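Let me begin by handing over the structure; questions about it come next.
Any read-out appearing in this document is the output of simple, stated calculations on the displayed coordinates, not a laboratory observation. What you see is a predicted model; the values in this text were computed from it and never measured. Using ideal geometry, Cβ is built from the backbone for each residue, glycine included, and neighbour counts are taken over all protein chains shown.
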Ligand SMILES: CC(C)(COP(=O)(O)OP(=O)(O)OC[C@H]1O[C@@H](n2cnc3c(N)ncnc32)[C@H](O)[C@@H]1OP(=O)(O)O)[C@@H](O)C(=O)NCCC(=O)NCCS
């Protein structure tokens, strides 16, 4: 059953200024995300990474219907990649579908959240 959908679009430009702002990074991003950020060499790619991950978090907050709030905070999710580079997230008992895209100037994320049916077959 579809529980919710959420999307978010971010200007990449503003994320350049966050690349070395430790306090900001620690407030918004998980430790794994910060570690991943530090493996990226190129400043543009770093800003794109921060923007897209931020977009994912806001998209998720909208799919849940609660916004960034006491019920859902920035560090509650992080993006993983499968062996082909497809992103996925794990959150509670939801089935999540996520897609990310960027241009030179913007990053966008779109999420569909499914609630598992009681007799959901996981095979
Ligand atoms: C829900 C939230 C993520 C929206 O993000 P935003 O950046 O303010 O605005 P966006 O343009 O991305 O999205 C706005 C749309 O979100 C939708 N929206 C608002 N609350 C929502 C909710 N609870 N569930 C789903 N969608 C929601 C609305 O449709 C709104 O568009 P509208 O005003 O034209 O109807 C936002 O309210 C929020 O929680 N932001 C937290 C930001 C924050 O804490 N920043 C601090 C960084 S240090």
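For residue 69 paired with residue 31, estimate the spin-label separation in nm (one decimal), with each label point 7 Å from Cα along the Cα-to-Cβ line.
Each label point is offset 7 Å from its Cα along the Cβ direction, giving 3.0 nm.
Relative to the present Cα-Cα distance, how much length would full extension add between residue 1 and residue 118 at 0.36 nm per residue of separation?
41.1 nm
Using label points projected 7 Å from each Cα along Cα→Cβ, tell me how many nm separate residue 88 and residue 24, to one decimal.
Reported label-point gap for residue 88 and residue 24 is 3.3 nm.
Convex hull volume of the Cα atoms in the chain, per residue, in Å³?
Given the Cα convex hull of the chain, per-residue volume reads 112 Å³.
Moving on. Rounded to the nearest 10 degrees, what's the angle between the helix 43-64 long axis and the longest principal axis of the chain, both from Cα atoms, 0 to 90?
The angle comes out at about 30 degrees.
Sticking with this one: How many nm separate the modelled label positions at residue 81 and residue 38, each set 7 Å beyond the Cα in the direction of the Cβ?
Label at residue 81, label at residue 38, 1.9 nm between them.
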